[in-house]
Every structure is written in C-alpha cells, then in structure tokens.
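Heads up: the structure comes next, in structure tokens.
The values are calculated or read from the model by the stated rules, or taken from the named source; none is laboratory data. In this text the structure is predicted, and so the values were computed from the model without any measurement. Neighbour counts run over all protein chains shown; Cβ positions are idealised from the backbone, glycine included. Surface areas here come from the heavy atoms of the whole protein model, side chains and all, with no ligands, DNA or RNA. Shrake-Rupley method; radii C 1.70, N 1.55, O 1.52, S 1.80 Å.
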Amino acid sequence: MSQWFLYFLFYSLAGCGLEKLYARAIRSPRRQRKCFLLLPLCPVYGLAMTAVLALVPAEAGLVTLSVLGGLICTGVEYLVHLFYDRVLHVQFWDYSLLRGHVQGRICPRFAVIWGALSALAVRWVQPAAARLAGSVPPEAVFALWLLLAADCVLTAALLARHHDTALLGLGTLAAQARASSQSSTSL
C-alpha cells in the first residue's frame, strides 16, 4: 500500500513541476501552480497516474497506453474538478475557452496530452519510480502520510473559508494576513 501512496506523491510532485513549466512556457500571469498550502503537489496528476498504473497493464502497447491513459486521466481530471467546484467552491483550471470542452472541466486537447504523458510515464518513468518507492523506509512513509494529512486539512479549511486558490503558498497567505490586519487596524 505504501508504494501506491509514494506513486501518488511522486506523480503529484512531477505534475506540479510540469504545471510550472507550462505556466512559464505560455507566459501565464498565474505562476502559482499547486493545489496545497505547503507541499508542491498537484494531486490530480498523482490520482490520475495511480489510476492508470492500477487499471492499464504496463505491457500494453504505446497506442493502447495512450488511449486508455488519456481516457482515465481525463475521467480523473473531471472528477477532481467536480470535487473542487462542489465541495471547496474553487477552480484550479478552466478549459471553457478551448474547443470541445465539457463544462470547462475537461477538453479533447488535454485528453490527448494526458494520454501521451501517461504512456511515456508508464514506459519510461514508472520503473525508476518503482525502484525509488521500494527504497523508502516505512518510517519516512509514515512521516509523509502525516505531513500530507496535515497539509490537506489546512488547505481544505483555507479553500473552504476563502474560496481563493491564490492564497495557496505561505508567502501569499502571510501577505494577505498582513494586509488584512493593516486594513482592520486602520479602521
């Protein structure tokens, strides 16, 4: 079970890195591309890749991996977006300007990208991720569980209260708190 948790963390971290590269490549004004307050993780990537690893045989051909990976990742992406929207009342992404989108949550362009990325990850990244996961001591896994649980609770509370993903990040949150404190003392 701990290996699946470590896969989730690994691909969530890798996804955060991909998001930052993507934001830089498209010159996005929104460079904060994570979904947790403390940890640099994008859980949609971790959830999608663990689903692909669990549901698609690793020995499948690249085309099969791409098609099934694209479908699975897109399904996970839709469900994660739905959760964020309905439970926390936030949106981390919006595809409503892209052709073929479904409620702004998913779109064909990114389904194809997720398919290609998941096939590449299964073929060339996952063997190294499996070796790495096998080398992590149980104590470290437990510590990571605790850290992630604490961050999940803090992040969910922050998002549920303020409905603002821009607050994710200690620097941004501290600046917001200072500004709020200054405006309340000046009244």
Starting from residues that are farther than 16 Å from ALA116 by Cβ and not in a loop (DSSP other than H, G, I, E, B), keep the ones in region 54-75 and report whichever is most open to solvent (accessible area, probe 1.4 Å). LEU55
Region 137-170, residues that are exposed (fewer than 13 other Cβ atoms within 10 Å of the Cβ) and charged (D, E, K, R): GLU139, ARG161
If you take the residues in region 89-112 that are open to solvent by less than 70 Å² (accessible area, probe 1.4 Å), over 15 Å from the mean Cα position of the chain (by Cα) and in contact (Cβ under 8 Å) with a residue 24 or more places away in the chain, which one is farthest from THR64 (Cα to Cα)? VAL102
Search result, residues across region 120-136 that are surrounded by 13 or more Cβ atoms within 10 Å (Cβ to Cβ) and either free of Cβ contacts under 8 Å to residues at least 40 places away in the same chain or outside any helix (DSSP H, G or I) (or both): LEU120, VAL136
Of the conditions (1) part of a helix (DSSP H, G or I); (2) open to solvent by less than 60 Å² (accessible area, probe 1.4 Å), the single one that LEU39 does not satisfy is (1)
Out of the residues in region 152-178 that are of a type in the set (Gly, Ala, Ser), modelled with pLDDT of 80 or more and over 16 Å from the mean Cα position of the chain (by Cα), which is farthest from TRP93 (Cα to Cα)? ALA157
